[in-house]
1. For B:K544, state whether it is open to solvent by 60 Å² or more (accessible area, probe 1.4 Å), over 30 Å from B:A199 (Cβ atoms) and away from chain A (no Cβ under 14 Å).
2. Inspect all residues belonging to the range A:243-262 and state whether any of them is within 11 Å of chain B (Cβ to nearest Cβ) and either surrounded by 24 or more Cβ atoms within 10 Å (Cβ to Cβ) or closer than 20 Å to A:W352 by Cβ (or both).
3. Which residues, counting only those in the range B:52-104, are in contact with a Ser or Thr (Cβ under 8 Å, 6 or more places away or on another chain) and among the hydroxyl-bearing types (S, T, Y)?
4. Residue under question is B:G141, and the condition is that it be at the interface with another protein chain (Cβ under 8 Å from one of its Cβ atoms) and assigned to a helix (DSSP H, G or I); does it hold?
5. Criterion first (free of Cβ contacts under 8 Å to residues at least 24 places away in the same chain and not aliphatic (A, V, I, L, M)) does B:N350 satisfy it?
6. What do you reckon, is A:A213 within 18 Å of A:M147 (Cα to Cα), open to solvent by less than 10 Å² (accessible area, probe 1.4 Å) and within 14 Å of chain B (Cβ to nearest Cβ)?
7. Given A:N360, A:N377, A:N368, which one is away from every other protein chain (no Cβ under 11 Å), within 20 Å of B:F154 (Cβ to Cβ) and buried (at least 24 other Cβ atoms within 10 Å of the Cβ)?
8. May I ask you to list the residues in the range A:157-210 that are within 30 Å of A:A145 (Cα to Cα) and outside any helix (DSSP H, G or I)?
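The values are calculated or read from the model by the stated rules, or taken from the named source; none is laboratory data. Source: prediction; values computed, not measured. Don't worry about glycine lacking a Cβ; one is built from the backbone with ideal geometry, like all the others, and counts go over all protein chains shown. Please note that ligands, DNA and RNA were not included when accessible areas were found on the heavy atoms of the full protein model with its side chains. Shrake-Rupley method; radii C 1.70, N 1.55, O 1.52, S 1.80 Å.
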Amino acid sequence: MNNKMIMMKFMFMVIFMIPLCLKKNMFWLVQNLMMLMMFMFMNLNVSIYYNTNLSYMFSCDIMSFGLILLSIWICMMMLMASENLLKMKFYVNFFLFNMLFMLLMLYLTFSMMNLFMFYLFFEGSLIPTLLLIVGWGYQPERIQAGMYLLFYTLFASLPLLMGIFYIFNKGNNIMFYFLKFMNFDFYLLYFSMILAFLVKMPMYFVHLWLPKAHVEAPVSGSMILAGIMLKLGGYGLLRILILFEKLSLKLNFIWIIISLVGGFYISLKCFCQVDMKSLIAYSSVCHMGVVIGGIMTLNYWGFMGSYLLMIGHGLCSSGMFCLANINFERLNSRSLYINKGMMNFMPSMSLWWFLLMSSNMAAPPSLNLMGEISLINSLMSWSWLSMIMLMLISFFSAGYSLYLYSYIQHGKYYSGLYSFYTGVSREYLLLLLHWLPLNLMILKVDWVMIWF
Amino acid sequence: MKKNISICFLSFFFLFFMSMVNFMMMIYFIMNNMVIFLEWEVITLNSVSVVMSILLDWMSLLFMMFVLLISSVVIYYSKSYMSSELNLNRFIILVLLFVFSMILLIISPNIVSILLGWDGLGLVSYCLVIYYQNFKSYNAGMLTALSNRVGDVFILMVISWMLNYGSWNYIFYLMFMKNDYEMYMISSLVIVAAMTKSAQIPFSSWLPAAMAAPTPVSALVHSSTLVTAGVYLLIRFNLLLVDMLFLKILLLLSGLTMFMAGISANYEFDLKKIIALSTLSQLGLMMSILSMGMPDLAFFHLLTHAMFKALLFMCAGVIIHMMNDIQDIRLMGGISNYIPMTSLCMNISNLALCGIPFLAGFYSKDLILEMVSLSNLNLLIYYIYYLSTGLTMFYTIRLIMYLMVNDYNLMSIYNLYDEDYTMLKSMMVLLFMSVVSGSMLSWLIFLNPYMIYLPLNMKMMVMYVSLLGGFIGYFVSNMMIYSMNKFLMTYNISSFLCLMWFMPSLSTYGLNYYFLKLGQNLLKYVDLGWSELYSGQGMYYILKNYSIFYNFYQVNNFKIYLFSFVMWMMIFMFLMMMIL
């Protein structure tokens, strides 16, 4: 095959899946094709040292490879999780189109070599997310949530666009690979380039859009938000920071401090949540805080660990949102006061709650633990005083995970419950597909960890 | 025939077999002085390898043998004890998972791979504590899990401090890097981690609370395995710990734990809690002898204690079953007339706990106390040791009197039975071990015997305090109810003593209030307050107001135009007039 088509063929595969959305009963076919695509993509040759598979503007190194795999995987599982739409016949075709468009955008975001094109698709992936939230959300507040999602990101990313143009103007190229040959010690540029990604991550103080969006989004929206959208920020930071080597050493402490203290504060806020989804959303802010800390230390452990934790957290929090949705579909509420005593109804689902909850609190042998260990290593080698905050974060993350688990699983079930059905095999498969890579990949962890 | 093959029997058989295999291997290893060290590399980053290590030496094999033996009989026991449980499979699987994580903890000499067992123990024990669905076990489980999580976090910090050495196989660095500054940090973190797992003083409150678990779990988890994980970790780290300031603090804390638990056990009326507190007291003993630099004695006592304490819990389980799930010892009494076999087991394990000669506890405890007398100690520690020994006798005799001798107070008509052979058979195994394991182990694991050389009174000191404690225990158990009310005269001090020095309250309400309050305030003032004001809502507010403002101008533009024209003209004319 022509070498130029290696990366593009997957793009075409997604594009040519779009006509399938026009027909009826294509839901599972699209899902299966996505899975097929994932396995095909897994066979791509990637080198640990270089960007490989160059063609037009596409390229692939280990990090984009892993994140593309994660995107396809999550998109596939989003379809699996939202079978309810299919049953209700709730604009299924448009939903499928939206999924495919989202997958396309994410694929292009992660595979672009060009900073501007990356920016374009980075913003482009907002559109299907917004449509998901506004279109398939449950409550009227979803409009506000959509606005928050859109404008938080846009507010910070227009400076990013200006920054990209500035870099292009000065350096005459904006290829990721060549960024390492440039160095800008320019405060305004630093802030304008970093801030968009920090909002996307999200960093503490600019995280408000995330819980709102999660609470209002349908399960697929939550999964993609927690699974991939947050990782776009981390991906961007890992690519961009090479531009500001000197300035980063001076200024990165700001973000580390905000994220670590914020991570602790967020984990305390988790204890005040009574909405399952909101709690999980807050917990992802907490984890992403540690990721920001790891990236901003600029050392090898931090870069590796942040990539690994992004993958691990993508799988884990997406799985937890699935679980929350499984309860929601049965009880029509996300309140912790109503979702109680589930162990009496769904003992097997309780196992999955426990497994994913324990992965969320970074219990072995999950990827999260390995990622957290390397991030702790990086942050501790940056300053040992970060130990205090790391200990608090790690302790309270166990606390709120257990709080969530035992509040839902134990106790008396809600007495206003009229009818109930237990888990179906689709859901168990869905959770298995989240959990298995999360805990099995530790056996070959360099595959999702070492990216340069 | 088909009825016999249950998951309990299968697991029992498997675990028992594994235990025997471990025993044989242990004998082989100890005879040939052999150590097997296996390593599997997970990943190497910056020339630091994350490895999964397995260390098999006589110590780990012996400990595994004990854990497997106890767990096998406990599972066999729970076939009858949990027979009416609907989800027996879940229960047995949880117990098996627990044993698995304990084994992973025992065999890994690497601080990263030990997490696999260490975290696993915390999580599975959490599941086991909250096994019964009520608020009590929910709270107890949360307390247990979070206290243990403190230890996990400290282990995580140890991992990041060990990064300095370029490998996490701590076992290689203990001697060589002993005087390094980072090693001080590491060892203090390890000590705190071990203190959480072994429920030493600031963290003791979870151990009695964890008695909310089913009794077989208490027998396995909260007496012989989970709580000894901390002691075991420190035994592995012992080379590092000698001559350290923090170790002196540990000696004091563990001594106080021993003393505190002994006193609290005397105030307690809950059968399982008394046993739990006696476990706590024995853990304090192990920790304190460990912090005096005698890890082999701590290990010895760990093993013998595991045997008789598991047996004690199993007897308590039988009694609780028989008493219609009543745990209050004031309602029990005279049971030795009705259930002789169980009473026999109960008494033997209780006496072994006190260190009555030639039972299991005697060999370890007496040796420990004599080594304490031999060593160069201050008076405080010496008194704590001996007072705690007396207190052990005190609460044991009190318990025995309450259970065996005093009147049966629950109901006027009752029918106790002792013919549950599933439970009895499993207790017999441990009964045998509680009798012989002390002497067996002392011949097996000590290469050269300890030389004890003491004056007569110091040698007899154990006897004195035990007799004194025994007598007091006897008198206390015969105390009339109106004399008990005299405790109210010293209400403050007795509530201080019987509530474990207020530790349960301090570690729950004392801490969580502040954090929850902080979280609530943060949510209110930061997330729903200032952050909203300065980003989402604030921007919306400003934009909205300005647009209203401009809209106002634009809507009224004609009027304003005329008005401002007139204004300007007036100003102009005024200025003209000024100039002219």
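1. Working: open to solvent by 60 Å² or more (accessible area, probe 1.4 Å): yes; over 30 Å from B:A199 (Cβ atoms): yes; away from chain A (no Cβ under 14 Å): no.
The answer is no for B:K544.
2. Filtering the range A:243-262 down to residues within 11 Å of chain B (Cβ to nearest Cβ) leaves A:261-262.
Cutting the leftovers down to either surrounded by 24 or more Cβ atoms within 10 Å (Cβ to Cβ) or closer than 20 Å to A:W352 by Cβ (or both) gives us A:262.
Looking for residues that are within 11 Å of chain B (Cβ to nearest Cβ) and either surrounded by 24 or more Cβ atoms within 10 Å (Cβ to Cβ) or closer than 20 Å to A:W352 by Cβ (or both), one finds at least one in the range A:243-262, hence yes.
3. Those that are in contact with a Ser or Thr (Cβ under 8 Å, 6 or more places away or on another chain) and among the hydroxyl-bearing types (S, T, Y): B:S53, B:S71, B:S72, B:Y76, B:Y77, B:S80, B:Y81.
4. Details: at the interface with another protein chain (Cβ under 8 Å from one of its Cβ atoms): yes; assigned to a helix (DSSP H, G or I): yes.
Yes, satisfied.
5. Working: free of Cβ contacts under 8 Å to residues at least 24 places away in the same chain: no; not aliphatic (A, V, I, L, M): yes.
The answer is no for B:N350.
6. Details: within 18 Å of A:M147 (Cα to Cα): yes; open to solvent by less than 10 Å² (accessible area, probe 1.4 Å): yes; within 14 Å of chain B (Cβ to nearest Cβ): yes.
So A:A213 passes the test.
7. Details: A:N360 fails: within 20 Å of B:F154 (Cβ to Cβ); A:N377 fails: away from every other protein chain (no Cβ under 11 Å).
Sole residue among the options that is away from every other protein chain (no Cβ under 11 Å), within 20 Å of B:F154 (Cβ to Cβ) and buried (at least 24 other Cβ atoms within 10 Å of the Cβ): A:N368.
8. If the condition is that a residue be within 30 Å of A:A145 (Cα to Cα) and outside any helix (DSSP H, G or I), then A:M201, A:P202, A:M203, A:Y204, A:F205, A:V206, A:H207, A:L208 are the ones that fit.
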